[in-house]
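What follows is a set of notes on a single structure, which appears directly below.
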């Protein structure tokens, strides 16, 4: 009987501590949103707005960023900065994730292509806002881990592909929006082709040793392409032949 009580106490203690940690992470996400809102206001001249779509901010609140970083980085998960995730890659700064997501102008019917799955965090954010996310990761180990993580956490509308994202994912094109999460030296022509008319692409362009610019690419209804510089950024470079 005493042994049974010890087991019950142990289980209850485990539940208590997991609940405490969950509540703490939720509070940290709320604080992170406030920091993002402050930074958006500070950079409003670049963004041409002082607040992001509330649905984007709600996605930031709902997605557990601590699940998308290595265990040794969890205590930093809700700091508004990029973090290493291994293999020379990073999980992007939450502020950057938020503004890039906002610039895509997606809705619940949208189909989105992401180049650079990383740990899967950006895909998880998008999954809260769109119908389907197709994401490509060239680093096989990262891609496999991201696929398992997204499945385990219940992001069932995300499909992960291992390979070079330069050529996009033609079998699922055209896409309502495309997001590139690593710096490219140029805008890949296959992505322009796979972007639906009226769609938006957000991509950092530049090299590791020069100023990179976050570009908003729009494909007009007549097929014409326009490009707008949003703000200077710093991303790890795209890997692959191109």
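The values are calculated or read from the model by the stated rules, or taken from the named source; none is laboratory data. What you see is a predicted model, and the numbers here were worked out from it, not measured in a lab. Note that each Cβ is placed from the backbone with ideal geometry, even for glycine, and that neighbours are counted across all protein chains shown.
Within region 147-165, if we keep just the residues that are under 20 Å from residue 180 (Cβ atoms) and touching a residue at least 40 places away in the same chain (Cβ under 8 Å), the residue that is surrounded by the most Cβ atoms within 10 Å (Cβ to Cβ) turns out to be 165. When the residues of region 167-190 are filtered to those that are in contact with a strand residue (DSSP E or B) (Cβ under 8 Å, 6 or more places away or on another chain) and surrounded by fewer than 19 Cβ atoms within 10 Å (Cβ to Cβ), the one that is farthest from residue 139 (Cα to Cα) is 174.
For region 216-242, the candidate set comprises residues that are under 20 Å from residue 116 (Cα atoms) and crowded, with 20+ Cβ neighbours inside 10 Å; within that set, the residue that is modelled with the lowest pLDDT is 238. Within region 48-63, residues that are crowded, with 19+ Cβ neighbours inside 10 Å reach partners that are not in a helix (DSSP H, G or I) with beta carbons closer than 8 Å, at six or more positions or on different chains, in the pairs 56/129; 59/128; 59/129; 63/128.
Among 142, 126, 113, which is modelled with pLDDT of 95 or more, in contact with a strand residue (DSSP E or B) (Cβ under 8 Å, 6 or more places away or on another chain), closer than 17 Å to residue 168 by Cα and surrounded by 20 or more Cβ atoms within 10 Å (Cβ to Cβ)?
Result of the check over 142, 126, 113: 113.
Going by what's in this entry, would residue 103 be described as under 18 Å from residue 202 (Cα atoms) and either surrounded by fewer than 24 Cβ atoms within 10 Å (Cβ to Cβ) or more than 12 Å from the chain's Cα centre (by Cα) (or both)? Judged against the criteria, residue 103 is a match. Candidates 78, 95: the one that is surrounded by 17 or more Cβ atoms within 10 Å (Cβ to Cβ), part of a loop (DSSP other than H, G, I, E, B) and in contact with a helix residue (DSSP H, G or I) (Cβ under 8 Å, 6 or more places away or on another chain) is 78.
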